[in-house]
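Structure, as structure tokens:
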Ligand SMILES: *Cc1c(COP(=O)(O)O)cnc(C)c1O
């Protein structure tokens, strides 16, 4: 808890399998899950420039939003404690006691929890809602749900800026699309980013990613597959659970069913279907979330 995230721990781990041999591709997992036990993976990269910006603006309080199981709330609470910010978490829905492990951890880090009914939560970015939050809590630095904003995009670009190998494809799970936008912003002309939607989304993810990239001058290749959400956010199946278990046994890499499990499942299925051209070098970003 007392140490800063160490991004040099995000090693590249090569995955060999009969499919990678058959397809003549190389597959690597970038272990962003290892950079910190609590502020892991993409959540750290999404937060880091926001923390600097909050400090630059002289803010002492971070306010953000999330569901009761939100990895983002968890990471913000931990970061607040580590970097000396007061934190306020606005939780969707009503309070359930005892607190689940995510919220209990957030509270233990000093996060002030406040519950918001679902109808208001849907409008959480509206002026009247933010205004009443400022009346209630005073001045704060606002982090959107999932932490996705322009600083998050800049931070996520760093996850591939420091790679020691040239790659053709980079893959990540997509919740709000902030991580994919960051990766896409940092691609070279021959590289592609593939997002795996972990929730049922019509085209809002594509819109969100395009919007986050609108000020980036260079167009890059990115796409989102909607074939691996397993019925929706946090929905899973026996085959997904089995896959995660086998992956752990064979490669000693822990995955969870909400994000990284769906992504790796998709990568293997797409390998089998011949989606990645022969000779491709693929990097799958382990975005963390295992605890
Ligand atoms: C939040 C989260 C994501 C989703 O990232 P977005 O930028 O919202 O698309 C992916 N993986 C893990 C482990 C997460 O916690």
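The values are calculated or read from the model by the stated rules, or taken from the named source; none is laboratory data. In this text, all values refer to a predicted model and were calculated from it rather than measured experimentally. Cβ atoms come from the backbone with ideal geometry, glycine included; neighbour counts cover every protein chain shown.
The table below gives the values:
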read-out	value
Selected residue (only one of 158, 166 is under 30 Å from residue 20 (Cα atoms), part of a helix (DSSP H, G or I) and touching a residue at least 60 places away in the same chain (Cβ under 8 Å))	158
Matching option when the condition is within 14 Å of the ligand (Cβ to nearest atom), at negative phi and in a strand (DSSP E or B), among 194, 199	194
Exclusive hit being closer than 21 Å to residue 179 by Cβ, assigned to a loop (DSSP other than H, G, I, E, B) and within 20 Å of the chain's Cα centre (by Cα), set 291, 218	291
Filter result for residue 173 (under 14 Å from the mean Cα position of the chain (by Cα), at pLDDT 95 or above, assigned to a strand (DSSP E or B) and within 13 Å of the ligand (Cβ to nearest atom))	yes
Test: residue in the range 224-238 that is assigned to a helix (DSSP H, G or I), within 16 Å of the ligand (Cβ to nearest atom), touching a helix residue (DSSP H, G or I) at 6+ places or on another chain (Cβ under 9 Å) and farther than 24 Å from residue 156 by Cβ	no
Every residue from the range 29-56 that is surrounded by fewer than 20 Cβ atoms within 10 Å (Cβ to Cβ) and either in a strand (DSSP E or B) or within 11 Å of the ligand (Cβ to nearest atom) (or both)	31
Lone qualifier among 205, 212, 180 - being within 13 Å of the ligand (Cβ to nearest atom), in contact with a helix residue (DSSP H, G or I) (Cβ under 6 Å, 6 or more places away or on another chain) and within 20 Å of residue 269 (Cβ to Cβ)	180
The lone exception for residue 148 - which of (1) away from the ligand (no atom under 12 Å from the Cβ); (2) in contact with a helix residue (DSSP H, G or I) (Cβ under 6 Å, 6 or more places away or on another chain) it fails	(1)
